[in-house]
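J.: Input: one structure, supplied below.
The values are calculated or read from the model by the stated rules, or taken from the named source; none is laboratory data. Since this is a predicted model, take the numbers as computed values, not measurements. Using ideal geometry, Cβ is built from the backbone for each residue, glycine included, and neighbour counts are taken over all protein chains shown.
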Amino acid sequence: MRFLRKVRVIALAACPLLLVCCLEQYDPSKNNAKFAAEWKQSEQSIPKLTATGEIPAAGGEQKVDAEERYATICANCHGPKGNGDGPGGAALTPKPRNFHDKAWQASVDDARIIKVITKGGASVGLSATMAPWGSVLSPEEIVALMKKVRAFGQQ
């Protein structure tokens, strides 16, 4: 009983303090400038990450290395030499594209290859297991990969 009485006394003493604290309401208008700055920043273009996962230095043009991009992004499924025999593609159905296929190379234009790289296989009616890379790669990197795919057809 003594314990309950002490709890009641403490609760009654704390009530006025809580009321005083709750009377001051949150005013979001004092943060409007901060919100506006964050909104403006969110609308700016996001820099693409480097191959090592770092944000590139501002103002510096980066050299696009198609060999490196192919090795890190494409080779797992399409194979290191573009034969469609990569370790990641072994369990996929349908199998990844063999870029050495002359008939396929002749039947497809550069815009379609760019669209598949950018928006994924499902964007052109192919397998959805071909992931879209447009949010990861810059337009220059995508064009460089398209040229790399075309180069496999010349071998």
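J.: With respect to GLN62, is the statement that it is polar (S, T, N, Q), surrounded by 10 or more Cβ atoms within 10 Å (Cβ to Cβ), outside any helix (DSSP H, G or I) and modelled with pLDDT under 70 true? Walk me through it before giving the result.
T.: Values: polar (S, T, N, Q): yes; surrounded by 10 or more Cβ atoms within 10 Å (Cβ to Cβ): yes; outside any helix (DSSP H, G or I): yes; modelled with pLDDT under 70: yes.
Here the answer is yes, as GLN62 does meet what is asked.
J.: Taking LEU18 and the conditions (1) at pLDDT 70 or above; (2) surrounded by 10 or more Cβ atoms within 10 Å (Cβ to Cβ), which numbered condition does it fall short on, given that it satisfies the others?
T.: (1)
J.: Let me ask something additional. For region 88-155, please list each of the helices (runs of 4 or more DSSP H) lying entirely inside it that holds at least 1 residues being among the hydroxyl-bearing types (Ser, Thr, Tyr). Don't jump to the end; show me each part of the working.
T.: Working: elements: 102-107, 110-119, 139-154.
Output list reads 102-107, 110-119.
J.: It is to be established whether one or more residues within region 133-148 are surrounded by fewer than 16 Cβ atoms within 10 Å (Cβ to Cβ), touching a residue at least 60 places away in the same chain (Cβ under 8 Å) and among the hydrophobic types (A, V, I, L, M, F, W, C).
T.: Yes, the conditions are met somewhere in region 133-148.
J.: So which residues in region 76-90 are over 15 Å from SER127 (Cβ atoms) and surrounded by 18 or more Cβ atoms within 10 Å (Cβ to Cβ), if there are any at all?
T.: Residues satisfying the conditions are GLY79, GLY82.
J.: Tell me which residues, restricted to region 91-125, are under 13 Å from CYS77 (Cβ atoms), without any contact (Cβ under 8 Å) to a residue 12 or more places away in the chain and in contact with a helix residue (DSSP H, G or I) (Cβ under 9 Å, 6 or more places away or on another chain).
T.: Within region 91-125, just LYS95 meets the criteria.
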